[in-house]
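The numbers here are math on the coordinates, done by the rules we state, and not lab data. The model shown is predicted, which means the values in this text are computed figures rather than measured ones. Reconstructed Cβ throughout: ideal geometry from the backbone, glycine too, with neighbour counts over all protein chains shown.
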Amino acid sequence: IDEHTPPDTLESRTLEALAKYIKDGEPKKIVVMTGAGISTSAGIPDFRSPETGLYANLAKLNLPYAEAVFDISFFRNNPEPFYTLAQELYPGKYRPTITHSFIKLLHDKGLLLKCFTQNIDTLEREAGVPGDKMVEAHGSFAGQKCIECRAPYPDALIKIAIHEKTVPHCEACNGLVKPNIVFFGEALPEEFFLNRHLPATADLAIVMGTSLTVQPFAGLPSECAPHIPRLLINKEVVGDFGYRADDVPLIGDCDTGVRALAEACGWLEELEALWAQT
Ligand code: CNA
């Protein structure tokens, strides 16, 4: 696709044309796909941003490679690095960003088919997006269990362990306890597989704040129907964005991008008011 290739569905590959498409009432089933980049302005570091990302700051944990901190076989033998990091990622101390509120606004307008997130911080829910509109593809910190006997472990005790940076063990079998977030080497939750056909039925896709490097999530935007517009709001071009006639890349910060889109749709005041309530 070069700049002379005409789009199929939009009038042009611009934010204005996309806003017109939305205002004309064309999309009724929007699929949103998000990653750590929508939460960085809340104060939660992502993985892969150079300098500020977690992977760039793991040297102090003495890992063989950065991803090891979230690798189930590494965790079995060496859970301390994960529990050192868990304190930084643990929900409860962060406020949703205006990007999270934008997803809630889409829901309020009856346009949100589903929000697929890779994030484990639950900020979409805290912004008011109902649980049945969410697919938390990599699980979340809501709940934890023993990796051996699968016995659930009490919330109150894991909070203490994470706060004190100690490693919690199962009360029944003394196995390691792990929050219900999906590590490398573990299966994704069933809800991901039950919903992964939805991008193919959407009439607009919005992808925000993800490097699209973790499979199978990274394949979701490619499953959208070929003629539907796909908006990318991200600091860098990712995945197969730009290869389709109706791809609109908005390269930059998510919060700035959703404000620009809301403004172009005439929703900015509503969005700011919604965010102010969070
Ligand atoms: P990633 O690989 O760290 O990529 C983040 C992407 O977002 C990169 O392309 C950045 O350029 C981009 N980005 C960062 N900040 C912004 C911003 N303000 N505006 C626009 N773009 C931005 O993260 P992914 O989510 O793609 O990787 C998947 C992993 C990260 C999942 O398994 C998550 O569980 C995991 N993770 C989640 C959190 C969280 O829950 N908040 C935090 C850190 C990592």
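Between the beta carbons of residue 222 and residue 148, assuming R0 = 45 Å, the FRET efficiency works out to 0.75 to the nearest 0.05. Pairs exceeding a 25 Å alpha-carbon distance, out of 133/159; 20/109; 29/178; 23/114; 114/178; 114/159: 133/159; 29/178; 114/178; 114/159. Around the Cα centre of segment 122-278, unit charges on the Cβ atoms of Lys, Arg, Asp and Glu (plus for the first two, minus for the last two) sum to a dipole of about 480 debye.
Once the Cβ-Cβ distance of residue 109 and residue 186 is raised to the sixth power relative to R0 = 41 Å, the FRET efficiency obtained is 0.70. Every pair of different Cα atoms in the chain enters the Kirkwood calculation, which places the hydrodynamic radius at 19.7 Å.
May I ask for the angle, rounded to the nearest 10°, between helix 254-265 and the longest principal axis of the chain, with both axes built from Cα atoms and the value confined to 0 to 90°? That helix lies at roughly 30 degrees to the long axis.
Averaged over residues, the count of other Cβ atoms within 10 Å places the peptides 253-266, 49-62, 172-185 in the sequence 253-266, 172-185, 49-62, highest first.
Label point of residue 2 set 7 angstrom out along Cα-Cβ; within segment 217-242, amide nitrogens under 17 Å from it belong to 242. The slack between residue 235 and residue 256, meaning 0.36 nm per residue of separation minus the straight C-alpha distance, is 6.5 nm. Among beta bridges from DSSP that stay inside the chain, the antiparallel ones total about 20%.
Run lengths n ≥ 4 of DSSP H only: what is the helix-derived mean residue ellipticity at 222 nm for the chain, with -39500 (n - 2.57) per run over all residues, to the nearest 500?
Helix contribution divided over all residues of the chain: -7500 deg cm²/dmol.
Tilt of helix 155-164 relative to the longest C-alpha principal axis of the chain, in degrees (0 to 90, nearest 10)? It is inclined by approximately 80 degrees.
Using bins of 5 Å that start at zero, the share of Cα-Cα pairs per bin across segment 115-173 amounts to 4, 17, 21, 19, 17, 14, 7, 1, in whole %.
Between 77, 234, 195, the residue with the greatest mean-square fluctuation in the GNM of the chain (Cα pairs under 10 Å linked by springs) is 77. Summary value for the chain: 25 percent relative contact order, contacts being C-alpha pairs under 8 angstrom separated by 6+ residues. Rounded to the nearest 20 debye, the dipole magnitude of segment 168-244 is 220 debye, with +1 charges on Lys and Arg beta carbons, -1 on Asp and Glu beta carbons, and the Cα centre as origin.
Relative to the current alpha-carbon distance between residue 14 and residue 73, full extension at 0.36 nm per residue lengthens the span by 16.7 nm. Phi-derived couplings, Karplus 6.51 cos²θ - 1.76 cosθ + 1.60 at θ = phi - 60°, listed residue by residue for segment 221-232: x, 6, 7, 5, 4, x, 8, 7, x, 10, 9, 10 Hz, with x used for Gly and Pro.
Using the Cβ of residue 111 as centre and a radius below 14 Å, the other residues enclosed give a net charge of +2, where K and R count +1 and D and E count -1.
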